[in-house]
1. For the stretch B:382-432, how many residues meet the condition of being modelled with pLDDT of 95 or more, of a type in the set (Gly, Ala, Ser) and touching a strand residue (DSSP E or B) at 6+ places or on another chain (Cβ under 8 Å)?
2. Find the helices (runs of 4 or more DSSP H) located wholly in the stretch A:145-196 whose residues include 1 or more that are crowded, with 24+ Cβ neighbours inside 10 Å and more than 17 Å from the chain's Cα centre (by Cα), and list them.
3. Residues that are touching a Phe, Trp or Tyr at 6+ places or on another chain (Cβ under 6 Å): which helices (runs of 4 or more DSSP H) entirely in the stretch B:101-207 hold 3 or more of them?
4. Filter the stretch A:9-35 down to residues that are in a loop (DSSP other than H, G, I, E, B) and either facing another protein chain (nearest Cβ under 10 Å) or at pLDDT below 95 (or both), then give me how many there are.
5. For residues that are closer than 27 Å to B:ARG57 by Cβ and in a strand (DSSP E or B), tally how many sit in the stretch B:1-46.
6. Considering only the stretch A:54-67, I want to know if a residue exists there that is hydrophobic (A, V, I, L, M, F, W, C), within 14 Å of chain B (Cβ to nearest Cβ), within 22 Å of the chain's Cα centre (by Cα) and not in a loop (DSSP other than H, G, I, E, B).
7. Restricting the search to the stretch B:208-226, which residues are aliphatic (A, V, I, L, M), surrounded by 13 or more Cβ atoms within 10 Å (Cβ to Cβ) and outside any strand (DSSP E or B)?
8. Those residues that are buried (at least 17 other Cβ atoms within 10 Å of the Cβ), of a type outside the set (A, V, I, L, M, F, W, C) and touching a residue at least 40 places away in the same chain (Cβ under 8 Å), I need them from the stretch B:188-206; list them, please.
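The values are calculated or read from the model by the stated rules, or taken from the named source; none is laboratory data. Just so we're clear, the structure is a prediction, and the values are computed from it rather than from any experiment. Neighbour counts run over all protein chains shown; Cβ positions are idealised from the backbone, glycine included.
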Amino acid sequence: MTALPAHDARLPTHDPFAEIHPPLTTDAALAESHRCLYCYDAPCTRACPTHIDVPAFIKKIASGNLTGSARTILDANPMGHSCARACPVEVMCEGACVMNDRDEKPINIALLQRHATDYALAKDLHLFAPGPATGRKVAIIGAGPAGLSCAQDLRRRGHAVTIFESRREPGGLNTCGIAEYKLRAPTALAEARMVLELGATLKTGVSVGRDVMLDALLKDFDAVFVAIGLGATKSLGIPGEQLEGVVDALTFIEVLKLRRAQVKVGRHVVVIGAGNTAIDAVTQAKRLGAESSTIVYRRGEEDMPCYDYEYELGKADGCAFRFHCTPLEVLGRQSTVDGQPQAVSRQPSTVTGLRVRTPAGEEVIPCDMVIKALGQVPRTDFTIPADHPKLFIGGDCANGGAEIVNAAAEGKEAARKINAMLGGN
Amino acid sequence: MADLSVNFAGIRSPNPFWLASGPPANTYGQVARAFDAGWGGAVWKTLGEPIINVYSRYGSIDFGGQRMAGLNNIELITDRPLDDNLKEIAEVKRNYPKHAVIVSLMVESKREAWHEIMKRTEDTGADGVELNFGCPHGMSERGMGAAVGQVPDYACQITQWVKEVATIPVIVKLTPNVTDVTYVARAAKQGGADAISLINTINSIVSVDLDSFAPDPSVRGDGSHGGYCGPAVKPIALNMVSACAADPGVGIPISGIGGISTWRDAAEFIALGATSVQVCTAAMHYGFRIVEDMTDGLSNWMDEKGYRTIYDFAGKSVSHVRKWEDLDLNYFTVAKIDYEKCIECELCFSACEDGAHQAIRRNERGSGRHAVEIIDEACVGCNLCSLVCPVQGCITMTQIPNGAPKVTWKDFTAGKGKLAERPEHFHTAKFG
């Protein structure tokens, strides 16, 4: 097997970043909104962690009140734009829709939500106003969905908010960690901007624990909300993991979202793992022109942690799935000097294959790129003190990694508790 | 296979479906296309004095995603030359001898004018005429259309003038823009009309543009009240047809008009006493091809029911339309929910709780879900829950046998009969 160099994506015949769910036209949104039965105590609303009043916002679309519709959505869920695109609605609101019991397609809640929230962005509506200043100050660590949701609700209650973000841009994984065909970085950034326009101060490139100390924040602010997300992708713990050509899925997605000119995709790509991020990586690699893009998973099809529709998406994109297939070693082309292996980090790619164990014995899957999608580990650079009365926590760092909508719900809940502690309205 | 043909006051038609006088029956080309598509007859768009139409003529309301649930128009009678119309009517009749060709007429209220137009129309070979005493817009400002139909004496007088010269059946088309349509119906009969048709369109403003504040349809920023028609007006038309059918002073054939879009609508009009039906809005919305299902559906339904001709069921509902005081006060029903079919939308709950008698409770069943339950002793059998339920057959109204014989309000207030005991919950007013 000859090693294949990693290369820039060839030009595929289709747009590799085309949205999998394009927006509804006005006519389609109207027709869909009229299908909604307007259930009482609606199951869709109950199924949403932020309890958006779904029938209400849909009826507002039907009546032509898009401003009110967007306000209904974003009042309950400040991350309404990104959730409209990236929520696993099949297992949440749309999965709960009573139409399923009528053997009809559920109401397309996600795209209706997008229809209304896109309107708010297009018209640059300022749907909320900051509350009268309370003189209280809250620090939020992390400008991801949890931090931003908390910020919106605190600003609406009049508390001063300063957000510390280690990256250059706000939005957290919304901006850098979700396949581009689902949620585009500019959308996540616009959504963050709408929150920040309520008067929250954003300090980017500031890492708490390095540039500013938590103790200092606890001293200077009336409350601190920690929403720092998770840390690095789990390690494979097998030989060859350090080779150039082995990347982690979140880095792969971040590069193609934010530094697209630098994106590199192999001709034959193997993705290790079978969660939703693994599907993002394997389909995005295929869409970028990989000749083969294969999931390698140590357990069976029925054990895959990804949602069913994500699996279907991968299959529909022509990705391959190898089950009961345990990675043993990433094989590489080693350059040698005087017979000694040398560092290979500046090589374009040195990966030639992945040695795996299968029920039939060992084999080598030829590939020139390996993407690790094994989930993230908790952050090791930041210790969250337990039981500090001024400290609150939410989002992935609290729940171990969940959906945007969970982070939004937790951010709002933190805002409610902080507000109660501060004696706000 | 059912025989759909009708003999309507002497006008023979292969089926009861006629195009109503209006935009779809304005030219030879349209009427010929309609007959080719299967329509049994057509009432030609109203002939009369020369007029000029405005641009922008229709407005409509959409409801729940349905386009044109109601339509309104400010178009006047035909704006084509009378000679062209008469020539084409004669040609249609020549080429479609078995179809019913009826001509709608409206001229100023002068005996000579009506004599003149009637004679010229008969020369075409048309099967009948329909006197347009109904148009509520435009022509009524000039003393024609509804201005005639709203005054029984005028309607009677003009009908008499026409009948003085007519040798073919004369239908009088009635306006619904009156307090009681039967007055004019009886006047038409008195004037010698061979039949009546109803309803013409209803005075209406369908909508206002919230940017320009002009009513629709807008003619350079202004509008005028127009004639309302389409599916939304069907219940009003059914009531008026039924009132005329039940009135012994009318007693002439009725052509039913108003929101008929399907064979089912047509069958309802016939059950309430019509023996031909006229359709306009549905043909304007979907084209002449809709008549195929109208005839097919009616024929299949009649076969299933064993009706050979439409006269076998025509008028069967008339005697069922009673005064309120004749209804049975001892007939009790209660809603029943089929839980196999329930999808838990709980529309029945909110409808009953906010809009009816608060006779549905919600029982917790875990995971935030609720099961709705009818509180039998509070249910007044009003039907609202079954009407809002989106699942067919999920909520049905079931009779509660109480063994009590029928007692009407008329009986009760005359001291006859005994009211069955009502649940305490009703707080029914006490009498005597």
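1. Total meeting the criteria: 1.
2. On the way: elements: A:145-156, A:173-176, A:185-196.
Once the helices (runs of 4 or more DSSP H) in the stretch A:145-196 are filtered for at least 1 residues that are crowded, with 24+ Cβ neighbours inside 10 Å and more than 17 Å from the chain's Cα centre (by Cα), what remains is A:145-156, A:185-196.
3. In the stretch B:101-207, the matching helices (runs of 4 or more DSSP H) lie at B:152-165.
4. Residues flagged as in a loop (DSSP other than H, G, I, E, B) and either facing another protein chain (nearest Cβ under 10 Å) or at pLDDT below 95 (or both) within the stretch A:9-35 amount to 14.
5. 9
6. Let us first name the residues in the stretch A:54-67 that are hydrophobic (A, V, I, L, M, F, W, C), namely A:54, A:56-58, A:61-62, A:66.
With the extra rule that they be within 14 Å of chain B (Cβ to nearest Cβ), the set shrinks to A:54, A:56, A:58, A:61-62.
Filter once more, so that each one left must be within 22 Å of the chain's Cα centre (by Cα): none.
Checked against the condition, which is being hydrophobic (A, V, I, L, M, F, W, C), within 14 Å of chain B (Cβ to nearest Cβ), within 22 Å of the chain's Cα centre (by Cα) and not in a loop (DSSP other than H, G, I, E, B), the stretch A:54-67 yields no hits at all.
7. B:ALA214
8. Scanning the stretch B:188-206 gives B:LYS189, B:ASP194, B:SER197, B:ASN200, B:THR201, B:SER204.
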